[in-house]
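What follows draws every value from the coordinates through simple rules; no lab data is involved. Remember, predicted model here, so these are calculated numbers, not experimental data. Glycine gets a Cβ as well: all are built from the backbone with ideal geometry, and neighbour counts include every protein chain shown.
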Amino acid sequence: MSASTKPNAISRRDFLKLGAAGAASALVLSKFDHGFRPISSAQAKRALQQNVRYVNTACVMCPAECGIRVKVEDGIASAIYGNIYVPMNTNGICAKGAAGIQMVYNVNRIKYPMIRVGERGEGKFKRVSWDEALDYIADRLIEYKKKYGAESVIMDAGDVTDRDPYWYLFRAFGTPHVTEHGAICDTPRRHGPKLFFGGKRVEPDIMRPVLVRQPDGSLKNDYSYRTKLIIYAGWNPFTATRINYESRGTVEAKLNGAKIIVIDPALSNTATKADQWIPIRVGTDADLFAAMLRYILEHHDDSNPLRRYIDWSFLDYSQGWEEFLAEFKSWWNKTDPINGKPYFTLEWAAQRTDIPAEKIAELAHTFGILKPAALVWGMNGIGHHYNGYIASILGVALNVITGNMEVPGGAIDTELVKSDKGGKAKGEDFVKREVTRVINGQEVSGKIEELHMDYYGDWPAAWDDVVGDYPRRFLEGVTLRYGPFRDHQYPIKAFFIRTGNPVITGSNTQEWIKALTAKDGDEYRVGLVVYIDTPFLETGLYADVILPEASYLERMSLSDIYPSHQLIYLRDFVIDKLYESKTQYDIMIALAKKLYEKGDPDIKPEDFWEKYPTEEDFWNEALKVAPGRAHCGVPLPYPQYPVNYKLIGTPDSLEAGKVTIDDEKKVVQGEYVTVQWLREHNGVAIWPMSWHRFNNGGVLKTASKKVEFVWDYEVEKDGEKKRQGQYAKYNKLIEAAGETPFAIRELGWEKYAKTFYWFETLWNPYTNPEYAKLAEEYPFQLISGRVHHAMSGTQLVDWLGRIPTEDLWEPFNDDRTIDEVIIGENGPTPSGRKVHIPKGLWCIGVIQMNTADGRKLGLRKGDLVELETPQGFKTRGKVNLVETIRPGVLRLPLGGGGRFSPGLGLTYDFRDISPNANDLTDPSHHSPIMGMPLYADVMVKVKKL
Amino acid sequence: MSQRDYLETRLTIYALLRQLFQYPIGTEALIAARELSLPETHPLYREWKNLQSSIPADINPDWEEQLRIEMTRLLEGPGRTPAPPYASFYLDGMRLMGYPARRAQQTYLEYGVLPEASGLPADHLATELGFLAYLAEQGLTLESDPKPFQVSLAFLQEQVQPWVTSFCVALENAAQEAFFIRLAQFTRAYLEEDATWLQTVLANEYTH
């Protein structure tokens, strides 16, 4: 190198001393660095050696939350497998779970906090620091609390089980309104189990393996399938897989001799593996169940083994059967105005369900005689109808009287038997605090929980919050009608939505948009909307603040989805948090600190950062109550411990007898389960399974500790009369206030029924005379189904967009060169990049229609049509003409079309030719007891476009 | 322009570009960009002047706010942005943290450095520019050692240039603020120019 051109050696100090030419450079370099630091060669060498590790954690690509094991190479997640130790999925993993890395590393995920700078819906935001975002939020929360009370704030924590940190914070802040997705999922479906058992969901006993105590005292993984019959009504576990083990378990049960019957208007994935598919008319599940029950009652014969349907032993652990039976029978002599036949007869049901009478008789007989069996009803079939409660109640009754509840191979209420979790970390103590409000000039005191807008407002027996009716309350405000704060009025001023997307899934889409964009003058009526998530979905477009939540591989929590017995597993940190995302715990602590700094009187260091200095501390608190269920059943999980005592502690400490027994409180206390314990045990704690857990009260959560066929009854204790039963509390409130909730007033009720009841669903011309006149103009009933691998949030995982499913998600795209659209200066704007998608290669949500119906309308597969309801609501999409759905019924994927968030990637580009089911949902009615949106009570006409 | 001047200017430009692609762009970075004058002999004198002309003489808070909003839309999110500033997006099927991120990290480690914790992936443009700034500084401080220049050239050619052109075109097409259009134009041109300069220097000066 020649001296004249050789780059000069110069030190940084010398460089800064350069003359005029270098002065500006010096200015830059004195202020700005390169951002790199040297490391030792040993450090570099270590880091360069390929570093591979595996972490056990829990999936969140769908609410099934399977146990997974993630391979991490050099700090980057590179592959996802099933965790063989978690019995629900035992090493299995679906396409969606395996594609999770595309969600975590998706370019569209929210990376930074944002504050809105345009109007709501325009999608104009500014990136801000966490501090700015939290300032913005805390200022408004404090203002609203001062002006309207903390009850004006809602925290909706969406569809994942790890919501506890948010609930804890907002309950501490003083609002009773903490909720989650379950409130808009399938509430009528859960109503029967809640009334009878204090439970939630009845599922077949097919989770395998289950850990079972053997006669010799050892524990063994039991893989035996004892089920003889499973009837799935409106339940499609092969795609609606919150109860994920049913996919495999159903097939295994069938291979072991079980008969599988699927009752569904559509040939679902589950139906394809069934022995029988019964394409029932939409919205008539209760009719079918009622006819089955009547048939069983009329044809039961104790002396004939071929007619011995009823197992009378249920009377030992139940109460109120006679009253239930009497009320049920009282309908037998009434005549149905729509078909002139006596209620619940085979002929009556045949007319309504469009299932031949002899087929119904055969079904009832088969269910009565084949034991063990499970009758299971589902989300789409029963949870989405105005009168879904009745099918749910009858379904429970059928399982109970036939002796199928809690027997090996029978039916299990999973809510009653899963491990407890949360404990103090749920923050429930906070809402027991006493507060004062001025109502009609009078100062009134009560508990925070008594300010709840549903339970003390229009929906006292909702149990789950009535999210589907939020838009009305956003627009009109809340009036409490029951309890100490009766007549208290308040507006909803702040709405936090985390891992949810109610604009698309929470009832009528336009109604949600109307509520979120309503203004009083220049101010939005709901003054603060905060969207917290990893993907950016439609509801985020209406948010004032967007907070990036760490993806499921970057955060910690617990999972325990609907097992047959107690088990719990850990969601663990797999990779470092990306960008500026924070975990739920981080957000809880950061917002709590901000509120505290700004003087919120309810947020105290001793409840937050002093009590839970690390994330692990918080989840250890949540684990302290595990497993927390009554020690009961056959075989007894731990023969050395007393029956019906509550078990607390790790499986190994209980096994080893490292316990203290409190006879007064009836608790067997072992060593607490902790995050560390879970890590050391493959990420999962499993306690032994047993059956017959209703005996002597067992796991039942009713006041009588029996299965209750009556829901408002009197008992006398110590000379005092007391009302009990699941409806008693609400009826007492109604009686005290002298006011009937408007939704049950529509039914002609004054209060909630004591036992069996019957009413018709809405928008059904075959069962409700009011709608018969509309049938000619609106000849189709519309239902929805789930596209498992492309649900609301995960449609941004492009690979999954290529997999067709269930005739609902099909490669019906036209040939398009798409101008990729991003959120621009004035809303969605072309980015300049073009993507060519050849015809027929991209799956979109479609309208499933029977071929014969299509032919009558002159339609061909792939034609674009418009659907319209009698209320004038419309959506459009392409028809998929198939034989897999009964004539007169259309099925749409819920959340599968009409998606207008550019954050979804290519799905967004076909929003004009894919249908949004919730464009059609009736916003003016909700199911009358729990306020569920009427997703499946829809009549439409079809127009070719 | 002397070789030394060129080297110090090179370091300055990389350090400054790193700042300009990192949210939020601070007032000081904008002032520095406005004030830094390149000699007329610099090959990118005109592009630099163009960029400078998009920065107002009076950098007021309103303009800075507009700049932040625009940068949010262009680069930060939420949802799909017009010009994601990550190599993986362009080189690995539009997902992030793909092989380009791992390769960049490996390159840093092989050189015995690591980016300071910023939450940015290893293949974010600002991180890659930071590494080039570090190497530029090394070029100034290490006498007669061609390694910083060799690593710079290889990094530029193999890891930065394969995607940065697409990124800059996307940014230029989508930007509505002149500042980002000019920034994209300058960045693209500068990286090309620097690669050419490195090739020349390494061919002429360090071959024996």
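Explain nothing, just compute: Karplus ³J(HN,Hα) = 6.51 cos²θ - 1.76 cosθ + 1.60, θ = phi - 60°, for every residue of region A:217-229 in order, whole Hz, x for Gly and Pro.
x, 7, 10, 9, 6, 9, 10, 7, 10, 9, 4, 9, 8
What three numbers, in Å, describe the spread of the alpha carbons of region A:626-697 along their principal axes, ordered from the longest?
36, 26, 17
Tell me, A:I68, A:I278 in order of fewest to most beta-carbon neighbours within 10 Å?
Values: A:I68 29, A:I278 22.
Listing A:I68, A:I278 from fewest to most nearby Cβ atoms yields A:I278, A:I68.
Take the alpha carbon gyration tensor of region A:317-397, find the square roots of its eigenvalues, order them as a ≥ b ≥ c, and report rounded if a/c is under 1.5; if not, report prolate when a/b exceeds b/c, else oblate.
Working: a/c = 1.29, a/b = 1.15, b/c = 1.12.
Rounded, because the longest to shortest axis ratio a/c is under 1.5.
Positive end of the charge dipole of chain A (Lys, Arg +1 and Asp, Glu -1 on Cβ, about the Cα centre): tell me which of A:N768, A:G905, A:N695 has its Cα farthest that way.
A:G905
In 10 Å bins starting at 0, how do the alpha-carbon pair distances of chain A split up by percent?
Once binned at 10 Å, the Cα pair distances of chain A give 2, 11, 20, 25, 22, 12, 4, 2, 1, 1, 0, 0.
What is the distance in Å between the Cα centres of region A:424-464 and region A:319-358?
If we compute the Cα centre of each part, the gap is 41 Å.
Identify, among B:P56, A:A58, A:T614, the residue whose Cα sits farthest towards the positive end of the charge dipole of the protein assembly as shown, taking +1 on the Cβ of Lys and Arg and -1 on the Cβ of Asp and Glu, with the dipole about the Cα centre.
A:A58
For the residues A:I338, A:I230, A:I393, A:I803, what sequence is obtained by ranking on other C-beta atoms within 10 Å, fewest first? Write out the running numbers ahead of the final one.
Values: A:I338 19, A:I230 32, A:I393 28, A:I803 16.
The most exposed by this proxy come first: A:I803, A:I338, A:I393, A:I230.
Can you spot the aspartates and glutamates whose alpha carbon is less than 14 Å from A:K371's alpha carbon? Ignore those fewer than 8 places along the same chain.
Correct list for A:K371: A:D205, A:D311, A:E406.
Distance cut-off 29 Å, Cα to Cα: go down the list A:K514/A:K856; A:K31/A:K598; A:K432/A:K593; A:K646/A:K706; A:K421/A:K729 and report the pairs above it. Display every interim value, and only then the final one.
Working: A:K514/A:K856 37 Å; A:K31/A:K598 33 Å; A:K432/A:K593 23 Å; A:K646/A:K706 18 Å; A:K421/A:K729 26 Å.
Those over the limit are A:K514/A:K856; A:K31/A:K598.
Any idea what angle helix A:187-197 forms with the longest principal axis of chain A, computed on alpha-carbon atoms, 0 to 90 degrees, nearest 10?
60
Rounded to a whole number of µm²/s, how large is the Stokes-Einstein D of region A:56-104 at 25 °C and 0.890 mPa s, given Rh as the Kirkwood radius over C-alpha pairs? If you can, show how the numbers build up before the last one.
Values: Rh = 10.6 Å.
In µm²/s, the coefficient rounds to 232.
Give me the log10 of I(q) over I(0) for region A:725-875 at q = 0.13, 0.16, 0.21 Å⁻¹, as the Debye formula computes it from C-alpha points; what are the numbers?
-0.89, -1.04, -1.35
Tell me, what is the Rg over Rh of region A:72-182, with Rh the Kirkwood radius over Cα pairs? Spell out each step's value before the answer.
Numbers: Rg = 19.1 Å, Rh = 17.7 Å.
Here the Rg-to-Rh quotient is 1.08.
Per the Debye formula with a single identical scatterer at each Cα and no solvent contribution, what log10 I(q)/I(0) holds for region A:420-505 at q = 0.19, 0.27 Å⁻¹?
With no solvent term, the Cα-only Debye profile gives -1.01, -1.37.
Roughly how tilted is helix A:728-737, in degrees to the nearest 10 and between 0 and 90, from the longest Cα axis of chain A?
That helix lies at roughly 80 degrees to the long axis.
For A:E476 and A:K717, what does the FRET efficiency come to when R0 = 35 Å and r is the distance between their Cβ atoms, rounded to the nearest 0.05? Please report the intermediate quantities before stating the final value.
Details: r = 42 Å, r/R0 = 1.21.
Calculated transfer efficiency: 0.25.
Could you tell me what percent of the DSSP beta bridges with both partners in chain A are antiparallel, to the nearest 5? Don't jump to the answer; show the numbers that get you there.
Details: 79 of 124 bridges.
About 65 percent, rounded to the nearest 5.
Take the Cα pairs of region A:554-690, get the Kirkwood Rh, then feed it into Stokes-Einstein at 20 °C and 1.002 mPa s and tell me D in µm²/s.
Reported coefficient: 127 µm²/s.
Using a Debye calculation, one point per C-alpha and no hydration shell, please list log10 I(q)/I(0) for region B:1-160 at q = 0.12, 0.13, 0.17, 0.19 Å⁻¹ in order.
Summing over Cα pairs of region B:1-160 leads to -0.60, -0.71, -1.15, -1.32.
Could you line up A:K228, A:K273 from fewest to most neighbouring Cβ atoms inside 10 Å? If you can, show how the numbers build up before the last one.
Numbers: A:K228 20, A:K273 15.
The fewest-first ordering by Cβ neighbours comes to A:K273, A:K228.
Where the Cα atoms of region A:198-417 are projected onto their three principal axes, how long is each span, largest first, in whole Å?
60, 38, 32
Return an integer: the convex hull volume of the alpha-carbon atoms of region A:152-292, in Å³ per residue. The partial results should precede the final answer.
Details: hull volume 25.1 nm³, N = 141.
Taking only Cα atoms, region A:152-292 has a hull volume of 178 Å³ per residue.
For region A:333-490, what Kirkwood radius comes out of the mean inverse Cα-Cα distance, in Å?
Details: mean 1/r = 0.0497 Å⁻¹.
Computed over region A:333-490, the radius equals 20.1 Å.
Could you work out the Kirkwood radius for region A:773-944, taking every pair of different alpha carbons, averaging 1/r and inverting it, reported in Å?
On the way: mean 1/r = 0.0603 Å⁻¹.
This gives a value of 16.6 Å.
Taking Cα atoms of region B:71-163, Rg/Rh with Kirkwood Rh, to two decimals? Don't skip to the answer; put the middle values down first.
On the way: Rg = 14.0 Å, Rh = 13.9 Å.
With Rg and the Kirkwood Rh in hand, the quotient comes to 1.01.
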